[in-house]
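Chemist: I have a structure I would like to understand better, so I am pasting it below and will then ask my questions one at a time.
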Amino acid sequence: MKKLFTFAVLLSAATIANANLIQNGSFEDTNQTNGTWSVYSSINGWSTTNGAGIEIRNNVEGVASNGVNFVELDSHNNSAMAQVITTSAGSLYELLFDYSPRINQPSTTNGIAVFWNGTLLAEITGTGGASNSWVTQQFFVTGTGSDVLQFAATGTNDSFGGNIDYVQLNAVPVPAAAWLFASALGLFGIARRNSI
């Protein structure tokens, strides 16, 4: 039992050690008044790379998945935003973000594409219901030292588009993960031997 507790503590420590490398991943640095929205050419950590800009919403056409603000990229037209991130070259990272289709809009207008250093990771869309339906998207990417994460609206160019929130990029602790996995196998072996 003591070894199992030690394993749980080490696993928690490895998880806690990973700090989110994304600046302003929940878009809370913009002071957007409740019940309003605005379009910005740039916000803390993010710059517009195409189109009219980054639309920040606070409790408009849905609620955020984390905090109070979230982003729609089909602001006045299909737009894109990017952030440059300092990473460790050759290291593996877990990229997470929450996506929701816009309320009461068809999948043809809710498309969001995500790119890592110009390479398309995925294009996501869905049909909007009566409220935001946030789903966490997960990808694994490799750092080069200086990397560009970009999101772009890809649906119908009509000012109605999919939503993004809670963007995270965390290093995957490969040596720690390997050690923890080996320890877990050892614990299962001990538990099995004791039960025979």
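Every read-out reported here was derived from the displayed coordinates using simple, explicitly stated rules and does not represent laboratory data. Given the structure is predicted, the values throughout are model-derived calculations rather than measurements. All Cβ positions, glycine included, derive from the backbone under ideal geometry; neighbour counts span all protein chains shown.
Chemist: Place a point 7 Å from Cα of Thr156 in the direction of its Cβ. Which residues in the range 34-78 have their backbone N less than 17 Å from it?
Modeler: 73-78
Chemist: Using only Cα atoms, figure out Rg for the range 21-172 and give it as a multiple of 2.2 N^0.38 Å.
Modeler: Taking the Cα Rg and dividing by 2.2 N^0.38 Å, one obtains 0.96.
Chemist: Taking K and R as +1 and D and E as -1, what net charge do the other residues with C-beta under 14 Å from the C-beta of Ser26 add up to?
Modeler: Values: positive: Arg57; negative: Glu28, Asp29, Asp98, Asp165.
Overall, the nearby charge balance is -3.
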